[in-house]
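Working notes for the structure below.
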């Protein structure tokens, strides 16, 4: 028996994969009553994960094509570098950290080479290449299947290795941040690996430039309430800051004088 949030997530994925589904079909698929399905569909529509129709639901047409790592690297580069420099102040000698796969976390990796006794776990091929010569850093790779577009190692092998460790801090990259839909990314497999990282980490620090806010991608990673801290650039809106602070998230604006 699935918990409510797990059922909703799988229901959204089921509708997206099928294109459309009827209430009786979903009730049979998830072994719940039709009234429960209707309630779940209402909640999923409110979080922009599907669209309800008479008798069921249809998938929301979204652009699930994700830009490659190289295509994203120079987008908002100045802001990403500011976020990375700010994130560096959260890391101390002796820390064990997880660097998610992303361009902003890659910029953070470039700044780590002078920190002593640091353990870095990553599923990013680009982070691994950046840190492979840093002898004072203990570098651990998750393994897994390589997604060539994002240079991320994901899937069951990655998830299994992540599940065997615990780290002090996760520096998380994301494609979309929305007050209702939460944190989202285009790829289901990558979303699952990101969820494993969150579960393996004591402190979750989101690194996201302002362009990610108000965006919703296909696969949900987490609710906003699961994040402890967000580092963002000065382009962030007051409403987005308020949405995060309402969920108990501490927000740090990179590049702003204290």
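The values are calculated or read from the model by the stated rules, or taken from the named source; none is laboratory data. Everything quoted here is computed from the prediction, not taken from an experiment. Note that we place each Cβ from the backbone using ideal geometry, even for glycine, and neighbour counts take in every protein chain shown.
Among the listed residues 239, 209, identify the single one that is touching a residue at least 40 places away in the same chain (Cβ under 8 Å) and either within 15 Å of residue 90 (Cα to Cα) or in the same structural domain as residue 174 (by TED's automatic domain parsing) (or both).
209
Regarding residue 220, is this residue at pLDDT 95 or above and not in a loop (DSSP other than H, G, I, E, B)? Here the answer is no, as residue 220 does not meet what is asked.
Residues to consider are 254, 191, 219; find the one that is under 22 Å from residue 91 (Cβ atoms) and surrounded by 14 or more Cβ atoms within 10 Å (Cβ to Cβ).
254
Assess whether residue 241 counts as being surrounded by 16 or more Cβ atoms within 10 Å (Cβ to Cβ), at pLDDT 90 or above, part of a loop (DSSP other than H, G, I, E, B) and over 13 Å from the mean Cα position of the chain (by Cα). Spelling it out, it is not the case that residue 241 is surrounded by 16 or more Cβ atoms within 10 Å (Cβ to Cβ), at pLDDT 90 or above, part of a loop (DSSP other than H, G, I, E, B) and over 13 Å from the mean Cα position of the chain (by Cα).
So that you can scan it fast, the table gives a plain yes or no per residue for (1) more than 16 Å from residue 180 (Cβ to Cβ); (2) surrounded by 18 or more Cβ atoms within 10 Å (Cβ to Cβ); (3) at pLDDT 95 or above:
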| site | (1), (2), (3) |
| --- | --- |
| 9 | no, yes, no |
| 18 | yes, no, no |
| 21 | yes, yes, no |
| 35 | yes, no, no |
| 46 | no, no, no |
| 51 | no, no, no |
| 55 | yes, no, no |
| 62 | no, no, no |
| 66 | yes, yes, no |
